[in-house]
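Down below is the structure, laid out as structure tokens.
Read-outs throughout are calculated quantities, based only on the coordinates presented, and are distinct from any laboratory measurement. All values derive from a computational prediction rather than experimental measurement. We place every Cβ from the backbone using ideal geometry, glycine too, and count neighbours over all the protein chains shown.
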Amino acid sequence: MAKSQARYACQECGAVWPKWAGRCEACGAWNSLVEELPRSGPPKSLGGSTKGGHALDFVALRGESRTAPRHLTGIAELDRVCGGGLVPGSAILVGGDPGIGKSTLLLQAAAAVAANGGSAAYITGEEAIDQVRLRAQRLGVADAPVRLAVATSVRDIAASLDITNPPVLAVIDSIQTMYLDTLDSAPGTMSQVRGAAQELIGLAKRRGIALVLVGHVTKEGMIAGPRVLEHMVDTVLYFEGERGHQFRILRAVKNRFGATDEIGVFEMSDRGLVEVPNPSAMFLAERADAEQGEAAVTGAAVFAGIEGTRPVLVEIQALVAPSLLGTPRRAVVGWDATRLAMIVAVLDARCGLSVGPNDIYLNVAGGLRIGEPAADLAVAAALVSALTESAVPADTVVFGEIGLSGRVRPVSHTDARLKEAAKLGFADAWLPARHGGKTATRRARSADGIATTPIGHLSELVERLAPADRRRLRRVAAAP
């Protein structure tokens with residue numbers, strides 16, 4: 001019998017090499033090659049023989065399928081992100097920074113499922129029983145009938161879950177601590193993570209268990225290991241949040257049973273994570289408190305965005321200061337720095353401003369991360385307001401996509417954005433003009449009672465904030 005030869009697999013991209021090297025030639029990662037022995041299992045090739053195989057039962061695309069009802073966790077924000085609840089037999093991967101609240105949220109979800117009559121199992125490979133019990137007491141869910149266990153062997157976990165009456169929900173915290181005894185590599189390596197996830201997902205689909213896997217993340221914020229783990233599961237959720245803010249955001253980046261880019265907002269308290277049903281009011285709470293009895297602040301604009309199917313209003317803050325260096329500084333929090341550079345270039349080239357030579361600081365208030373291009377117009381309004389020291393009206397929301405020519409392009413879900421703005425007391429909205437052969441420039445009023453001001457070109461926004469006859473541009477400091 002031929003002796004199995006060791007191979008070296010990259011823990012970043014999954015490439016396999018016959019010998020060790022300090023740098024992976026496929027992805028360029030350093031010190032990512034780990035020795036792994038190939039798994040002894042089926043032969044390398046089936047050849048031309050079909051003995052032992054079973055013919056597949058092909059069916060038509062149209063037909064009646066039994067749709068299993070979703071299991072509600074009792075946490076409305078979590079059910080919303082998952083698409084309306086947990087689908088039996090589905091696999092959910094939850095990732096996030098250490099200490100962000102992944103274990104807290106999943107323990108609360110398991111306790112809620114168990115308290116509502118379902119059965120839930122919480123299996124941890126990172127903590128002891130007493131540690132989980134202390135967290136349950138702090139969260140006030142110690143009396144919930146949750147099956148708690150500490151295990152790292154996939155064989156033991158499969159034997160405990162592969163029963164006649166399996167639990168409705170099974171939480172594995174975390175997948176990087178699990179190991180298969182049929183593999184010779186260490187826990188957390190690429191082959192162990194992939195093999196353990198494959199066994200657990202197969203068990204969940206066979207028994208109809210809603211499986212939740214907790215995944216570690218790298219320093220870049222991505223789930224550790226190759227992306228094959230994200231392709232194996234049905235739903236991928238990222239838990240986001242800043243340490244300096246009290247709330248957390250659960251974002252769906254993949255969901256086979258619901259909308260992607262859906263978010264759920266939670267507030268961290270001494271009793272665990274509390275769901276926030278109206279995140280727009282929370283994001284703008286500090287702005288409302290600051291406006292009482294004070295003059296309007298320059299460099300701020302309220303953006304009416306869409307996260308999944310939910311409209312969210314958030315404040316975008318900008319600061320433009322003279323640069324003392326040869327290369328101006330750009331500091332961006334919560335938005336794409338490359339898109340900020342494009343907006344600055346369009347303001348300089350198409351609107352006659354001098355924004356680029358200054359230091360620019362951009363921040364999305366509250367720690368929310370925005371990815372849609374509809375925030376272009378709000379960012380431009382905040383930059384022009386900071387540069388010209390002209391405040392955007394406090395009762396105005398701004399949204400629209402900006403092209404390289406300076407034209408403001410229409411965006412989707414306009415009615416939902418306006419409805420959310422009107423609900424929070426905003427009276428005006430600066431939005432893209434409809435380009436249906438002729439640009440509409442007249443003010444109108446939406447069905448929700450909010451006045452709409454169409455902006456066809458970025459220069460119209462600049463003229464509205466700071467007319468040329470009273471425009472005061474901030475001077476750029478001379479280079480030393």
Checklist entry - the stretch 283-470: Rg/Rh from Cα coordinates, Kirkwood Rh? => result 0.94
Checklist outcome for this item: Taking r as the C-beta separation of Met342 and Ser459 and R0 as 22 Å, the FRET efficiency to the nearest 0.05 is 0.85
Next on the checklist: Order 141-149, 299-307 from most to least packed using the mean count of other Cβ atoms within 10 Å.
Outcome noted: 299-307, 141-149
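Fewest to most neighbouring Cβ within 10 Å: what's the order for Glu389, Glu315?
The order, fewest Cβ neighbours first, is Glu389, Glu315.
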Item to check | Computed lengthening from Gln137 to His54, 0.36 nm per intervening residue step minus Cα-Cα distance | outcome: 24.7 nm
Checklist outcome for this item: Per the 1/(1 + (r/R0)^6) rule, R0 = 41 Å and r from the Cβ atoms of Gln246 and Asp415, FRET efficiency to 0.05 is 0.85
Checklist entry - Expressed as cubic angstrom per residue, what is the convex hull volume of the alpha carbon set of the stretch 366-409? => result 99 Å³
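Can you tell me the order of 79-85, 368-374, 235-241 when each peptide is scored by its average per-residue count of other Cβ atoms within 10 angstrom, highest first?
235-241, 79-85, 368-374
Which whole-number percentage describes the relative contact order of the stretch 76-277, with Cα contacts under 8 Å and a sequence gap of 6 or more?
Reported as a whole number, the value is 31 percent.
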Checklist outcome for this item: Here D for the stretch 76-277, in µm²/s, from Stokes-Einstein with a Kirkwood Rh over Cα pairs at 20 °C and 1.002 mPa s, works out to 127 µm²/s
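What do you get for Rg/Rh of the stretch 341-399 when both radii come from the Cα atoms and Rh is the Kirkwood radius?
Working: Rg = 11.8 Å, Rh = 12.4 Å.
With Rh from the inverse mean 1/r over Cα pairs, Rg/Rh is 0.95.
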